[in-house]
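Just below is one structure, and these are the notes that go with it.
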Amino acid sequence: MPNTPVPPSQDQQLNDSLALWQLLELGDLVQVEANLLSDEGSPQLRSNRYYEVIGKSDGSNGHYSLYVQSDLTDEVVEVFAGFVLDYQKASTPPHHA
């Protein structure tokens with residue numbers, strides 16, 4: 001019988017999400033695990049591209065989110081750190097007006 005990998009515990013998943021949220025900065029690029037749909041079922045983000053992090057929650061209420069702008073709707077979309085599949089650090093720091 002082959003060994004089946006044991007999925008990480010919920011605590012470990014939360015710790016991994018928090019570590020990723022702390023690591024990511026404005027201007028970094030993130031790729032989501034799967035296509036993201038709105039509550040109404042409309043596509044918001046695609047899993048086959050990277051999105052620039054344009055904001056982060058402050059984490060004060062235990063809510064660790066990133067904010068990206070949808071290329072499909074132009075709306076700002078909240079992405080939970082645990083939903084990030086991959087990321088790339090920004091090659092240049094973000095510019096603030």
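Screening the candidates Leu14, Leu18 for the property of being surrounded by 12 or more Cβ atoms within 10 Å (Cβ to Cβ), farther than 17 Å from Tyr87 by Cα and either at pLDDT below 95 or of a type in the set (S, T, N, Q) (or both) yields one hit, Leu14.
Checked against the criteria, Tyr50 counts as more than 9 Å from the chain's Cα centre (by Cα) and hydroxyl-bearing (Ser, Thr, Tyr). Taking the conditions (1) loosely packed, with under 12 Cβ neighbours inside 10 Å; (2) modelled with pLDDT under 90; (3) under 13 Å from the mean Cα position of the chain (by Cα) in turn, Leu85 satisfies each one other than (2).
The values are calculated or read from the model by the stated rules, or taken from the named source; none is laboratory data. The shown structure was predicted, so the numbers you read here are calculated from the model rather than taken from an experiment. For neighbour counting, all protein chains shown are included, and Cβ atoms are generated from backbone atoms with ideal geometry for every residue, glycine included.
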